Amino acid sequence: YIPLTVVEESSFDHSAQRKSFLLDKYSQEFLPKRERILVIDSAGMGKTTLSRFLFVQSIKTLSTVPIFIELRHLSTEKLIIDYILSELNSLPIEKELKIDRRQILRLLEKGVFTFFMDGYDEIGSTHREQVTRDIKSLTENFPKNKFLITSRPEHALASFPSFQAFRIRSLKKEEAFTLI
């Protein structure tokens, strides 16, 4: 992993200094301090790598229960809570320890989760509207949780006005050579 730097998208106040974060670890200043983050950039910039790195780093901190969701796996038939249930209950644990919908909802209310939702732009077009509603419902109904969504630029991302947008800074020449 080559540490990536994310830069805050410009706000309406163009004179304001844009914040940037070198993400070489799970930075408390980036996430969870910023509770709703959009990482928007073009193909190949490292959005998935970044979200997976932050997911693994969050496991190491033991400060949250991270949930990684490849958004292309969601549909009108398989929404976020169903996805969480199927993933958690697919773990090799005792049958009496299986989690049900009610338990997930209680944990969501407590705000124990950090969601890493990768690939908003990869949601199938027939499912996009419903999955977007599901994500919005999750973020609005369970605001104590943390959320990071990655995507290529999309007009539909305007559906998430409470999210703070960031772009990935291009690698410097030395960083690119290190990657190679």
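The values are calculated or read from the model by the stated rules, or taken from the named source; none is laboratory data. Owing to the predicted nature of the structure, the values given are computational and were not obtained by experimental measurement. Here the Cβ is made from the backbone with ideal geometry for all residues, glycine too, and neighbour counts use every protein chain on show. Areas reflect the complete protein model, heavy atoms only, side chains present, ligands, DNA and RNA absent. Shrake-Rupley method; radii C 1.70, N 1.55, O 1.52, S 1.80 Å.
Got a sec to turn the phi values of the range 152-160 into Karplus ³J(HN,Hα) couplings, 6.51 cos²θ - 1.76 cosθ + 1.60 with θ = phi - 60°, whole Hz, x for Gly and Pro?
Rounded to whole hertz, the list is 6, x, 8, 5, 5, 5, 5, 5, 10.
If you fit an axis through the alpha-carbon atoms of helix 128-141 and take the longest principal axis of the Cα set of the chain, what angle between them do you get, 0 to 90°, nearest 10?
So the inclination is approximately 80 degrees.
Using each residue's phi in the range 33-49, evaluate 6.51 cos²θ - 1.76 cosθ + 1.60 at θ = phi - 60° and report the 3J(HN,Hα) Karplus result to the nearest Hz, with x for Gly and Pro.
Working through the residues one at a time gives 4, 8, 7, 9, 10, 10, 10, 10, 6, 6, 4, x, 7, x, 4, 5, 4 Hz.
Per 0.36 nm of contour for each residue apart, how much would the distance between LYS136 and GLU9 grow if the chain were fully extended, relative to their Cα-Cα spacing?
The span from LYS136 to GLU9 would gain 43.6 nm if fully extended.
Can you work out ³J(HN,Hα) from phi for every residue in the range 118-124, in order, using Karplus 6.51 cos²θ - 1.76 cosθ + 1.60 and θ = phi - 60°, giving whole Hz and x for Gly and Pro?
Each residue of the range 118-124 in turn: 9, x, 3, 5, 8, 5, x Hz.
Taking all protein chains as present, what is the carbon and sulfur share of the accessible area of the chain, in % to the nearest whole number, probe 1.4 Å?
Whole-percent figure for carbon plus sulfur exposure: 53.
Holding the Cα-Cα limit at 18 Å, pick out from LYS33/LYS172; LYS98/LYS146; LYS33/LYS146; LYS60/LYS172; LYS60/LYS98 the pairs that are longer than that.
LYS33/LYS172; LYS98/LYS146; LYS60/LYS172; LYS60/LYS98
Could you give log10 I(q)/I(0) at q = 0.12, 0.20 Å⁻¹ for the chain, computed by the Debye formula over C-alpha point scatterers of equal weight, without solvent?
-0.59, -1.51
If I fit a long axis through the Cα atoms of helix 101-110 and take the longest principal axis of the Cα atoms of the chain, what angle between them do I get, 0 to 90°, rounded to 10?
Taking Cα atoms only, the helix is inclined about 40 degrees.
Which shape class, rounded, prolate or oblate, goes with the range 38-81 when its Cα gyration tensor gives a ≥ b ≥ c as root eigenvalues, a/c under 1.5 marks rounded, and past that a/b bigger than b/c marks prolate?
Taking the square roots of the gyration eigenvalues as a ≥ b ≥ c, the range 38-81 is oblate.
In the chain, if the dipole is taken from +1 on Lys/Arg beta carbons and -1 on Asp/Glu beta carbons about the Cα centre, which of LEU23, SER75, PHE116 is farthest to the positive end?
Positive-end residue among those listed: LEU23.
Can you give me the accessible area per residue for the range 73-180, using a 1.4 Å probe, in Å²?
Averaged over the residues of the range 73-180, the accessible area is 59 Å².
Can you list residues whose amide H is under 5 Å from LEU23's amide H, if they're 5+ apart or on another chain and H is modeled 1.01 Å from N?
Distant-sequence amide H within range of LEU23: LEU4, THR5, VAL6.
What is the range 80-138 by shape, rounded, prolate or oblate, if you read a ≥ b ≥ c off the alpha carbon gyration tensor as root eigenvalues and call it rounded for a/c under 1.5, prolate for a/b larger than b/c, and oblate otherwise?
Prolate shape, in that a/c is at least 1.5 and a/b is the bigger ratio.
Pick out which of ARG52, ARG101, ARG169 has the largest mean-square fluctuation in a Gaussian network model of the chain, springs linking Cα atoms closer than 10 Å.
ARG101
To the nearest 0.05, how large is the calculated FRET efficiency for LYS19 and LEU85 if R₀ is 22 Å and r is the Cβ-Cβ distance?
Efficiency, from the Cβ-Cβ distance: 0.05.
Residues with amide H under 5 Å of LEU38's amide H, sequence separation 5 or more or different chain, H placed in the peptide plane at 1.01 Å from N; which?
The list, which skips near neighbours in sequence, is ILE149, GLN164, ALA165, PHE166.
Contour minus end-to-end for VAL112 and ARG52, with contour as 0.36 nm per residue of separation and end-to-end as the Cα-Cα distance?
Here the segment from VAL112 to ARG52 would lengthen by 19.7 nm.
To the nearest 20 Debye, how big is the dipole of the chain about its Cα centre, given +1 on the beta carbon of each Lys and Arg and -1 on that of each Asp and Glu?
340 debye
Where both partners of a DSSP beta bridge lie in the chain, what percent of those bridges are antiparallel, to the nearest 5?
So the antiparallel bridges amount to about 30 percent of the total.
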